[in-house]
Amino acid sequence: MKSKEISVDRRDRIVSRHKSGEGYRKISTALKVPMSTVPSIIRKWKKFKTTRTLPTAGRPSRLSDRGRRALVREVTKNPMVTLSELQRSSVERGEPSRRTTISAAIHQSGLYSRVARRKPLLSKKHMAACLEFAKRHLKDSQTMRNKILWSDETKIGVNARRHVWRKPGTAHHQANTIPIVKHGGGSIMLWGCFSAAGTGRLVRIKGKMTAAMYRDILDENLLQSALDLRLGRQFIFQQDNGPKHTAKISKEWLQDNSVNVLQWPSQSPDLNLIEHLCKDLKMAVHRRFPSNLMELERCCKEEWAKLAKDRCAKLVASYSKRLEVVIAAKGASTKY
C-alpha cells in the first residue's frame, strides 16, 4: 500500500532543521518521519530549491516529432489558423487529431492561442510617417513635452459584464444581479485632454460630432484647460488627423486663437499618450457599474478628475521610451 505523502510544512521543517546543523537521525526522531525520507527530501531541496511536489512527465505523447514540427510550422506561417484546421491537417498526415494533443504540442514550443489585438491598418506611407515623427521628436526636451496638451475622443458604454461567485440555480437572486433601468444600455462619446500637469476638461459629445461641434468644444474647453493646467499661451496642442479636426472651421479657430498644433501622422494611436488615460478611465468607471447614460456621464467626469497627476507626469516622462519602440518597429504597430 502506498504510504501517505508528507506535508509540505513537515518537509520545510526537515530542511530548516538540516540548515541549523541537526543530523538525519535526530531530524527523523523529532519529526517522526522515516530515516530514509530525510536525506531524500534534503537532496531534492538542494537540487530544485523547493520541497514542493514537482510535476510528473505524464503519459508520452502519441504525436511524432515530425508531426509536432509540422504543427509548429503551420501556426508560425499562419497565426490565424484555427484548431479545427490544424486537426484536419494532422489527420491528413496520419497523426493523432485530438484537440488537447495538438494544443499541448504547440504549447511546448511556447505558442499559445490568444485573442488578436485590434490595431489600425497601416500602409507603408503610414509607417514611414510614424517613423519620421518618432525620429524627429525623440530628442525633444522634457520642458517642451510638458507644454503639450494631449487630446482625443473615446467611447464608454454601460452595463459591462461582471463576474459573481454563486451556486447553480441562483443566477437571478438579487445579490447575484446588476440592477439596470429600462433603456439603460448604450454608450456615450467623450472628448478630453491632459498634460504632464494633470487632466484637463472632459465633455460629452451629444449625437454625431460635426466639424462645427468640434470647433465649439475647442472654443469652450481648450484654452480654459490650458489655463487651468498653467501651460501658458505657448502650449502645444495635440490632436489626431480626424476629418473634424482638419476641417476648415477647426483650422480657422486654431489659427485665430494662435494655438500651436503638433503635426501628427495619420493612423498612429500608439503615439498618443491619452490612450492610456482613456483605458484607466474606462476601468474606473466600469468598477462603479452605472445603470444609465446620465449616471455614466457623471461617473466619467468624476473619475477623470480623480486620475492622479503623478500618472499624467509619468506618461509624459516616458515618451522617449515609446518613441524608441516605434523606431525599433520601423513605424509598425507596437505594444502601446
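Kindly establish whether Ser7 is modelled with pLDDT under 90 and farther than 30 Å from Gly110 by Cα. Against the criterion (modelled with pLDDT under 90 and farther than 30 Å from Gly110 by Cα), Ser7 qualifies. Of all residues in segment 168-201, exactly one satisfies the criterion of being open to solvent by 80 Å² or more (accessible area, probe 1.4 Å), in a loop (DSSP other than H, G, I, E, B) and either modelled with pLDDT of 95 or more or at positive phi (or both), namely His183. Screening Arg230 with (1) surrounded by 15 or more Cβ atoms within 10 Å (Cβ to Cβ); (2) of a type in the set (D, E, K, R); (3) under 30 Å from Lys135 (Cα atoms) gives one miss only, at (1). Limited to segment 1-30, what total is found for residues that are open to solvent by 90 Å² or more (accessible area, probe 1.4 Å), under 50 Å from the mean Cα position of the chain (by Cα) and among the polar types (S, T, N, Q)? Qualifying residue count, segment 1-30: 1. A Cβ distance below 8 Å, combined with a sequence gap of six or more or placement on separate chains, defines the contacts here; from segment 42-60, residues that are open to solvent by less than 100 Å² (accessible area, probe 1.4 Å) reach residues that are at pLDDT 75 or above and assigned to a loop (DSSP other than H, G, I, E, B) in the pairs Lys44/Thr50; Lys44/Thr51; Trp45/Thr51; Thr53/Glu5. Against the test of being open to solvent by less than 100 Å² (accessible area, probe 1.4 Å), part of a loop (DSSP other than H, G, I, E, B) and either touching a Gly at 6+ places or on another chain (Cβ under 7 Å) or among the charged types (D, E, K, R) (or both), the options Asp152, Asp140 yield a single qualifying residue, Asp140. Of the residues making up segment 80-108, those that are more than 16 Å from Arg66 (Cβ to Cβ) and either more than 28 Å from the chain's Cα centre (by Cα) or free of Cβ contacts under 8 Å to residues at least 12 places away in the same chain (or both) number 10.
Going by the structure shown, is Ser266 within 30 Å of Ala317 (Cβ to Cβ), of a type outside the set (A, V, I, L, M) and touching a Lys or Arg at 6+ places or on another chain (Cβ under 8 Å)?
no
If the condition is being within 24 Å of the chain's Cα centre (by Cα) and either charged (D, E, K, R) or closer than 30 Å to Arg68 by Cα (or both), then segment 111-158 contributes Leu111, Tyr112, Ser113, Arg114, Val115, Ala116, Arg117, Arg118, Lys119, Asp152, Glu153, Lys155. Of the helices (runs of 4 or more DSSP H) lying entirely inside segment 253-336, those carrying at least 2 residues that are in contact with a Leu (Cβ under 7 Å, 6 or more places away or on another chain) and farther than 17 Å from Lys139 by Cα are 274-286, 293-306.
The values are calculated or read from the model by the stated rules, or taken from the named source; none is laboratory data. Predicted model, so just to flag it, every value in this text is computed and none were measured. Every residue, glycine as well, gets a Cβ built from its backbone with ideal geometry; the counts of neighbours run over all protein chains shown. Please note that ligands, DNA and RNA were not included when accessible areas were found on the heavy atoms of the full protein model with its side chains. Shrake-Rupley method; radii C 1.70, N 1.55, O 1.52, S 1.80 Å.
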